[in-house]
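Written out below as structure tokens is the structure these notes cover.
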Amino acid sequence: MAAWSGAVLGAESRTNVTGDGAATTFPSDQPLVLDLGCGNGLFLAALANAEPAWNILGIEKKDYRVRQARGRAGGLPNARITQGEVMEVLSGLVPGSVSRVYLLFSDPWPKRRHAVRRLVQDEFVALAGSRLGPKGAFFFATDAAEYLAWAKERFAVAGWTIADWALPEGWPETEFEQRFASAGVEIGRFQATR
């Protein structure tokens, strides 16, 4: 899995990245990777297991999902889950402290009148950019073509470089990705860098 090894990551993590105690304290200072809306922790635990040189912080607002994710990732020293709103947790991180951000299959809010509820908004793009280190990258995946176009546009307008995100062999899947793939639903992806 050399294509996505920790050696290519830029910024290092902080030991207690959000200041909210044990849930986010990592045993070693290594690159910090975020899994926004980590759900049941399937992707987070698989990524933490595959990349022990990364500290993986999952952010999830739903209580039952936090419990699922913590149960799944509980024995991994480089995985932590914190409960909260993504924007609030991101705001609490040290600027430039994050190496990678994954936003995978977040709610697309498909109705046009609900688009303002999508996580990817101009304010989010600016905040994520301020938390990423110089070689940091943002990764996005969705089953909703309209949300994919929306998210790409938000990042492009903010001056980010958009590229296709080709998954390396053996890449871990989220629960939703497994469902969509088994149903034959097309999945859109991109990566963005500043």
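The values are calculated or read from the model by the stated rules, or taken from the named source; none is laboratory data. Since this is a predicted model, take the numbers as computed values, not measurements. Reconstructed Cβ throughout: ideal geometry from the backbone, glycine too, with neighbour counts over all protein chains shown.
Remarks
- Verdict on Phe155 being within 23 Å of Asn40 (Cβ to Cβ), in contact with a strand residue (DSSP E or B) (Cβ under 7 Å, 6 or more places away or on another chain) and surrounded by 19 or more Cβ atoms within 10 Å (Cβ to Cβ): no
- Odd one out for Trp171, checked against (1) touching a helix residue (DSSP H, G or I) at 6+ places or on another chain (Cβ under 6 Å); (2) closer than 19 Å to Phe43 by Cβ: (1)
- Ile56 meets all of the listed conditions (1) assigned to a helix (DSSP H, G or I); (2) under 13 Å from the mean Cα position of the chain (by Cα) but one, namely (1).
- Among the residues listed as Gln121, Gln68, Gln83, the single one being closer than 23 Å to Phe180 by Cα, polar (S, T, N, Q) and over 13 Å from the mean Cα position of the chain (by Cα): Gln68
- Within the stretch 50-83, being touching a residue at least 40 places away in the same chain (Cβ under 8 Å) and among the small types (Gly, Ala, Ser) holds for Ala50, Ala53.
- Meets criteria (polar (S, T, N, Q), surrounded by 12 or more Cβ atoms within 10 Å (Cβ to Cβ) and not in a helix (DSSP H, G or I)) for Gln178: no
Yes/no matrix, rows are residues, columns are (1) at pLDDT 95 or above; (2) part of a helix (DSSP H, G or I); (3) closer than 24 Å to Pro168 by Cβ; (4) in contact with a Phe, Trp or Tyr (Cβ under 8 Å, 6 or more places away or on another chain):
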site: Gly39; (1), (2), (3), (4): no, no, yes, yes
site: Thr82; (1), (2), (3), (4): no, no, no, no
site: Val89; (1), (2), (3), (4): no, yes, no, no
site: Pro95; (1), (2), (3), (4): no, no, no, no
site: Arg100; (1), (2), (3), (4): yes, no, yes, yes
site: Pro108; (1), (2), (3), (4): no, no, no, yes
site: Arg113; (1), (2), (3), (4): no, yes, no, no
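- Residue match in the stretch 67-89 (condition: buried (at least 20 other Cβ atoms within 10 Å of the Cβ), within 21 Å of Phe190 (Cα to Cα) and either in contact with a strand residue (DSSP E or B) (Cβ under 6 Å, 6 or more places away or on another chain) or not acidic (Asp, Glu) (or both)): yes
- Reported count of residues in the stretch 143-161, each being in a strand (DSSP E or B) and either among the aromatic types (Phe, Trp, Tyr) or at pLDDT below 95 (or both), is 0.
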